[in-house]
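Asks: A single structure is presented below for examination.
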Amino acid sequence: MRSVSTRTRVATLAAVTAFGALFSTGTAAAATQLNGHWAPFDRCPVDAPAMLAADGVGTTATCVSSGSAGGSIKLGNTVVTTGKTDLQLGVLQRADGTTSLVAPAGGALVADSATVPGGLLGLMCPSSVPVVSAVCRQITDADLNKITATIEPAGAPRDFNMGAAFTTDVPILTLPVRIHLKNPLLGDSCYIGTTAKPVLLQPKNITAPSLSLQQFAADGTPGDTGEMGRYTFSGADQADTAFAVPGASGCGLGLLDWAVNLKTGLPSAAGGNAVTLDDTSTYFASPYDPASLAPNEGKELARFWHSAVK
């Protein structure tokens with residue numbers, strides 16, 4: 001891994017780790033199984049045109065995978081415990097230190113569903129307001145009561161600070177998101193935050209990860225003379241406690257927005273909200289010597305990946 005500095009690679013990894021839990025798209029479908037040290041990269045978009053075009057000198061194509069066992073998000077008065085997350089991205093690293101991200105066709109991240117404690121009964125009921133009490137009377141079983149919350153992107157990440165990846169308590173990037181509340185009685189368009197007025201998360205490291213390096217053959221088999229290298233970052237926690245949260249919209253065709261806002265304490269100013277991501281494990285893989293594969297580094301990375309499919 002010589003054409004791009006270790007510092008650049010470490011910064012890219014830490015930045016991706018920091019927003020690893022923030023693109024939740026639901027539980028993952030069955031993924032491709034890969035051999036050996038390739039295993040964490042089963043959704044890497046190696047066949048994306050931008051990845052295939054990397055030459056290994058001016059631009060290097062790499063795979064990133066970041067996962068967490070769990071965490072939490074607090075919005076106003078409501079705290080939701082999050083489950084497992086699995087973020088995977090292709091990263092294009094340039095010789096000048098700049099990077100761009102390539103998401104898999106099915107989305108960058110898949111995650112366990114997060115259930116809102118108390119469900120709809122806890123969110124709005126009981127109530128003396130007719131429209132709300134009518135909804136409360138319809139909640140006759142667990143399926144109607146259950147609410148899941150999914151964090152979705154609401155704009156392009158910005159304000160990337162590579163130096164912040166090496167330290168703690170410094171925001172690494174700004175990430176616009178919205179939270180999708182799903183329940184049959186709330187409808188399919190109930191969100192906290194919108195693309196026009198998103199929640200702006202600025203995650204930062206609150207603990208530093210430990211780092212190790214593995215070398216492996218093109219097909220994933222561990223070996224000190226292999227064509228591939230992998231950085232492993234483990235044990236990092238991230239958080240943001242300084243973001244504001246707007247009110248809900250689109251809940252029950254908009255008729256229940258105020259009810260959701262009243263119980264959850266939204267909108268909520270900065271300082272009243274928090275997101276945490278616990279004990280992340282992040283992996284970063286690229287050819288050990290990208291320049292030796294020029295001008296076809298991206299194509300060779302794809303060939304290596306496919307050779308590891310079980």
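Asks: Residues in region 182-214 that are touching a His at 6+ places or on another chain (Cβ under 9 Å) and either free of Cβ contacts under 8 Å to residues at least 12 places away in the same chain or within 22 Å of Gly235 (Cβ to Cβ) (or both): how many?
Replies: The total comes to 2.
Asks: Name the single residue that is modelled with the highest pLDDT among those in region 105-131 being at positive phi and assigned to a loop (DSSP other than H, G, I, E, B).
Replies: This residue is Gly118.
Asks: Now for a separate question. Identify all residues within region 218-238 that are touching a residue at least 40 places away in the same chain (Cβ under 8 Å) and either of a type in the set (Gly, Ala, Ser) or exposed (fewer than 15 other Cβ atoms within 10 Å of the Cβ) (or both); write none if there are none.
Replies: Taking region 218-238 and keeping what is touching a residue at least 40 places away in the same chain (Cβ under 8 Å), we get 218-222, 226-238.
Within region 218-238, Ala218, Gly220, Thr221, Pro222, Gly226, Gly229, Ser234, Gly235, Ala236 qualify.
Asks: Out of region 78-104, which residues are of a type in the set (A, V, I, L, M), assigned to a strand (DSSP E or B) and open to solvent by 40 Å² or more (accessible area, probe 1.4 Å)? I'd like the intermediate steps shown before the answer.
Replies: Applying the first criterion (of a type in the set (A, V, I, L, M)) to region 78-104 yields 79-80, 87, 89, 91-92, 95, 101-103.
Adding the requirement that they be assigned to a strand (DSSP E or B) leaves 79-80, 87, 89, 91-92, 101-102.
The answer is Val79, Leu101.
Asks: Restricting attention to region 53-77, report how many residues are open to solvent by 10 Å² or more (accessible area, probe 1.4 Å) and among the aliphatic types (A, V, I, L, M).
Replies: The number of residues fulfilling the criteria is 5.
Asks: How many of the residues making up region 193-203 are out of contact with any Ser or Thr (no Cβ under 7 Å at 6 or more places or on another chain) and not small (Gly, Ala, Ser)?
Replies: Adding up the residues that qualify gives 6.
Asks: Out of region 105-121, which residues are touching a strand residue (DSSP E or B) at 6+ places or on another chain (Cβ under 8 Å) and either surrounded by 14 or more Cβ atoms within 10 Å (Cβ to Cβ) or polar (S, T, N, Q) (or both)?
Replies: Ala108, Leu109, Val110, Ala111, Asp112, Ser113, Ala114, Thr115, Val116, Gly119, Leu120 - these are the residues of region 105-121 that are touching a strand residue (DSSP E or B) at 6+ places or on another chain (Cβ under 8 Å) and either surrounded by 14 or more Cβ atoms within 10 Å (Cβ to Cβ) or polar (S, T, N, Q) (or both).
Asks: Looking only at region 269-294, count every residue that is surrounded by fewer than 22 Cβ atoms within 10 Å (Cβ to Cβ), polar (S, T, N, Q) and touching a Ser or Thr at 6+ places or on another chain (Cβ under 9 Å) and tell me the total.
Replies: Residues that pass the stated criteria total 2.
Asks: Let me ask you something else. Does any residue of region 228-235 turn out to be under 22 Å from Ala269 (Cα atoms), in a strand (DSSP E or B) and not hydroxyl-bearing (Ser, Thr, Tyr)?
Replies: no
Asks: Still on this structure, please answer the following. Of all residues in region 203-217, count the ones that are within 25 Å of the chain's Cα centre (by Cα) and either outside any loop (DSSP other than H, G, I, E, B) or crowded, with 19+ Cβ neighbours inside 10 Å (or both). Before you say what the answer is, go through the steps one by one.
Replies: Filtering region 203-217 for residues within 25 Å of the chain's Cα centre (by Cα) gives 203-214.
Within this subset, residues satisfying the condition of being either outside any loop (DSSP other than H, G, I, E, B) or crowded, with 19+ Cβ neighbours inside 10 Å (or both) are 203-205, 209-214.
Of the residues in region 203-217, 9 are within 25 Å of the chain's Cα centre (by Cα) and either outside any loop (DSSP other than H, G, I, E, B) or crowded, with 19+ Cβ neighbours inside 10 Å (or both).
Asks: Ok, one more. Please determine whether any residue of region 161-179 is outside any loop (DSSP other than H, G, I, E, B), under 27 Å from Gly119 (Cβ atoms) and open to solvent by less than 30 Å² (accessible area, probe 1.4 Å).
Replies: yes
Asks: Among the residues of region 239-268 satisfying the criterion of being more than 20 Å from Cys190 (Cα to Cα) and not β-branched (Val, Ile, Thr), which is surrounded by the most Cβ atoms within 10 Å (Cβ to Cβ)? Outline the logic, then answer.
Replies: At the first step, the residues of region 239-268 found to be more than 20 Å from Cys190 (Cα to Cα) are 239-243.
Adding the requirement that they be not β-branched (Val, Ile, Thr) leaves 239-240, 242-243.
Values: Ala239: 20, Asp240: 25, Ala242: 14, Phe243: 23.
Residue satisfying both the conditions and the ranking: Asp240.
The values are calculated or read from the model by the stated rules, or taken from the named source; none is laboratory data. This is a predicted model, so every value here is computed, not measured. Cβ: placed from backbone, ideal geometry, glycine included. Neighbour counts: every protein chain shown. Side chains are part of the model used for accessible areas, which takes the heavy atoms of the whole protein and leaves out ligands, DNA and RNA. Shrake-Rupley method; radii C 1.70, N 1.55, O 1.52, S 1.80 Å.
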